[in-house]
Amino acid sequence: MQWSVSAQASGDRELSREEIVELADAVAPAGGVASGIGQTAYGAQLVVEADTRETALERGAAVFAAAAVRAGLPAWPISSISALAEDEDDEDLRP
């Protein structure tokens, strides 16, 4: 099953356009998009294959961390991460 994983890492300085473009290039093979220009955090939304949400989160975190390394970004800790299955929608997540 495919999962859309959103991850963000927060740090202590603003990120440049060039840094986020490098992240976008690094997550593109995973169907990803990146964010964080001018922010003190960088993030990405990407697609992984997994049988469970837990596995999707683990794989997404690994892909995100590897992409950050490839992009030359600071090794900031992941501050948030979530996963949405292909057969779920936003309404499934509302209380």
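The values are calculated or read from the model by the stated rules, or taken from the named source; none is laboratory data. Computed from a predicted structure; not experimentally measured. No Cβ is skipped: glycine too gets one built from the backbone with ideal geometry, and neighbour counts run over all protein chains shown. SASA here: full protein model, heavy atoms, side chains in, ligands and nucleic acids out. Shrake-Rupley method; radii C 1.70, N 1.55, O 1.52, S 1.80 Å.
Summary of values
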item	result
Unique residue being open to solvent by 50 Å² or more (accessible area, probe 1.4 Å), assigned to a helix (DSSP H, G or I), over 16 Å from Ser82 (Cβ atoms) and out of contact with any helix residue (DSSP H, G or I) (no Cβ under 9 Å at 6 or more places or on another chain) when the list is Glu54, Glu18, Glu22	Glu18
Cβ pairs under 9 Å, 6+ apart, first in segment 73-94 and at pLDDT 95 or above, second loosely packed, with under 10 Cβ neighbours inside 10 Å and in a loop (DSSP other than H, G, I, E, B)	Pro74/Asp12; Pro74/Arg13; Trp76/Asp12
Selected residue [of a type in the set (Ser, Thr, Tyr), open to solvent by 20 Å² or more (accessible area, probe 1.4 Å) and touching a Gly at 6+ places or on another chain (Cβ under 6 Å)] from Ser82, Ser35, Ser10	Ser35
Only listed residue being crowded, with 16+ Cβ neighbours inside 10 Å and part of a helix (DSSP H, G or I), chosen from Ala62, Ala67, Ala44	Ala67
